[in-house]
Amino acid sequence: MTISLSQQAYWALIEAADGQSVHAADGVELLTPYPVQLGRGHGHTFALRPGITLDITDYTLFDDLVITSCDRQHPVEYTFDLAPAGTSQADRYGVWGSGLAPGKTYYQPAHQRRASVSVHLEPEVFCDWLGLSNDELPPPLRSLVRPADQQYYERFGTPTASMQMVLQQIWHCPYQGLTQRLYLDSKVWELMALVLHEMGNGANPAAAQTLRPDDIERIRQGGQILQTRLDQPPSLLELARLIGINDHKLKLGFRQVFGTTVFGYLHEQRMERSRQLLESGDLSVTAAAEAVGFASRGHFAAAFRRKYGVNPGVYSRQRRA
């Protein structure tokens, strides 16, 4: 089963769990249980100072989860994801600048532990830390502070040994209260310095990798498999096994070959196929939704409206008129 939520609906579920939260005496720490409707685990949020938030999350989903976001304003952020145990994946991190975050669709598989350390920085706080104004930032750092109407910078990589050491220190912080806040604040900036060092050492590692012709053929084969299994698509690991590559190359390959993520490609194919079914007049809206893998007619209608600007029922009637 796949659960589809908008980013706003997902955040609302997270916020609704606040009633069970534990607040620290100084008001800067929030321990929140993960929404029981979705999985088990918790989130730990530290408001270290105005404009700096540290989030430590550790949870496991009951069902596959799809989250769709709209265009939104974005702070400076870096996130380190720990690889799920028992998989071939490696630890990964991403860094994003401030500016405009375009709407995207994110896929999270069920029954895999998701553990991460994420830091959000307001651009003014980031510049204050550097002791520079926006205009004084050197070119490598200027990309991290963009205007609100300009798409944000993003970069992905594999944590270095130094990064992993700091992550472990954050994860296993031995202090409480004010000492804890001061310690975590120092580690957040230490990790930021290591991220900036890697940014200055070369291009995005993901962009630097290229695919061999046989890899491209396998990626295209993966796209064909998804097209034939819109109602019950394989997991990322299953799809990688079916076409004979690892899951990291699968995700990288879909971005290079199709210009989107694996799930982004699946979502686009579902929308196009459902449009064709409604245009033919052979199926009702509910049947068309089920045919492409939507368990909820409401979620399907919302996704169709975002894609084509009209409700699926209206679209179907217009085409039959």
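The values are calculated or read from the model by the stated rules, or taken from the named source; none is laboratory data. Since this is a predicted model, take the numbers as computed values, not measurements. Neighbour counts are summed over all protein chains in view; Cβ atoms, including those assigned to glycine, are modelled from backbone coordinates with ideal geometry.
Sort out which residues of segment 100-119 are in a loop (DSSP other than H, G, I, E, B) and of a type in the set (S, T, N, Q), and write them in order of number.
Result: Gln112, single match.
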Practice prompt. Please tell me if Thr53 is within 21 Å of Met192 (Cα to Cα), within 18 Å of the chain's Cα centre (by Cα) and either outside the structural domain of Gln232 (by TED's automatic domain parsing) or among the aliphatic types (A, V, I, L, M) (or both).
Written response: yes
Worksheet item: Among (1) in the same structural domain as Trp96 (by TED's automatic domain parsing); (2) part of a helix (DSSP H, G or I); (3) under 30 Å from Leu266 (Cβ atoms), which single condition is His197 missing?
Response: (3)
Fill in: Count of residues meeting criterion [surrounded by 15 or more Cβ atoms within 10 Å (Cβ to Cβ) and farther than 16 Å from Ser98 by Cα] in segment 133-157
1
Worksheet item: Looking at segment 5-51, which of the residues that are in a helix (DSSP H, G or I) and of a type in the set (Asp, Glu) is modelled with the highest pLDDT?
Response: Glu15
Discussion item. Restricting to segment 166-182, name every residue that is surrounded by fewer than 15 Cβ atoms within 10 Å (Cβ to Cβ), more than 23 Å from the chain's Cα centre (by Cα) and assigned to a helix (DSSP H, G or I).
Written reply: Gly177, Leu178, Thr179, Leu182
Worksheet entry | Every residue from segment 256-278 that is at pLDDT below 90, under 25 Å from Phe304 (Cβ atoms) and surrounded by fewer than 19 Cβ atoms within 10 Å (Cβ to Cβ) | Phe258, Gly259, Thr260, Thr261, Gly264, Glu268
Discussion item. Whether any residue in segment 222-241 is in contact with a Ser or Thr (Cβ under 9 Å, 6 or more places away or on another chain), more than 16 Å from Thr105 (Cα to Cα) and polar (S, T, N, Q) is what I want to check.
Written reply: no
